[in-house]
1. Under a point spin-label approximation (7 Å from Cα along Cα-to-Cβ), what is the Val169-Met10 distance to one decimal in nm?
2. Once Rh is set to the Kirkwood radius over Cα pairs, what Stokes-Einstein translational diffusion coefficient, in µm²/s, holds for the chain at a temperature of 10 °C and a viscosity of 1.306 mPa s?
3. Can you compute the charge dipole magnitude of the range 147-238 about its Cα centre, using +1 on each Lys and Arg Cβ and -1 on each Asp and Glu Cβ, nothing else charged? Give it in debye, rounded to the nearest 20.
4. Kindly point out which whole DSSP H helices in the chain project their C-alpha atoms 18 angstrom or further along the helix axis while averaging a Kyte-Doolittle hydropathy of -0.5 or above.
5. Which distance in nm do the two modelled labels at Glu43 and Val203 give, with both placed 7 Å along the Cα-to-Cβ direction?
6. Assuming 0.36 nm per residue, please report the length gained on full extension of the stretch Thr133 to Ala235 beyond their Cα-Cα distance.
7. Using +1 at the C-beta of Lys and Arg and -1 at the C-beta of Asp and Glu, which of Tyr74, His110, Leu233 has the Cα lying farthest in the positive direction of the dipole of the chain?
8. Provide the gained length on full extension for the span Glu97 to Glu58, in nm with one decimal, where the gain is 0.36 nm per separating residue minus the Cα-Cα distance.
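Coordinate-derived values only; no laboratory data. Predicted model, so just to flag it, every value in this text is computed and none were measured. Positions of Cβ are backbone-derived with ideal geometry, glycine not excepted, and every protein chain shown enters the neighbour counts.
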Amino acid sequence: METIENYSQMTIGKIVARDYRKAMAFKSHGIDFCCGGNITVEEAVKDHDVDLDQLLEELSDIDSYEEKSENYTYWSTEKLISHIVDNHHEYVRKTIEQLSPMLAKVEMVHGNWRPELIRINQLYKALASELLTHMMKEERVLFPAILDMSSQANDGSPSFGSISNPISVMMREHDIAGDYIKQIRELTNGFQTPKGACASNIVVYKVLQEFEDDLFTHIHLENNILFPRAQKLEATNN
């Protein structure tokens, strides 16, 4: 078990990779644990005006919980990639298909007197396009290369050279997606529907919040667990 002092100097991504339950402690304070997971807790609280001692106490308290959540760090590479594709990628595709027409309808009906809905729909379209292309590249290029390395089935070097090359591209795209959802969160006032909002608007905001939650978990699994493992595998194989 880590001490409170150790937590302050650890990166957020490392803490969450070890125990995913701690992600909720960061999320409750508005601290990004996926794209922004490469900074220490001490650095994060300064950026978000959060009391360091309070956050450290919350992280320490989680260690005392008897119930342990799924520890993805012990999953095989094949199981982890299958989980990402079958759960998170599938969720993104299905949600985009369902949410896009709902959001367009809400914008059409209420956009004249609530102009933020126009911008929200624009951002969501950009986010959806970004993610669909991003996931296709992972499934067709990066993930197969990682699986080949894991099973030592690759013959020669891949066309993209080091595995760090496509990983760096994917991480940049994660940052772009994270920025889109951050802007949507700000425009929706933390996904809080205004008084008198119609039922469709309420549903749209709830789904957007679920989409953000899934995206954070999705990016965390890749940035903080899968990608570092792939780079370590490459270094070991070489």
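1. Reported label-point gap for Val169 and Met10 is 3.4 nm.
2. Values: Rh = 19.4 Å.
Answer, rounded: 82 µm²/s.
3. About 280 debye.
4. What comes out of the filter, once short or polar helices are dropped, is 90-110, 116-137, 164-187, 199-220.
5. 4.3 nm
6. Gain on stretching Thr133 to Ala235: 33.9 nm.
7. It is His110, whose Cα lies furthest towards the positive end.
8. Working: separation 39, 0.36 × 39 = 14.04 nm, distance 3.77 nm.
Additional length available on full extension: 10.3 nm.
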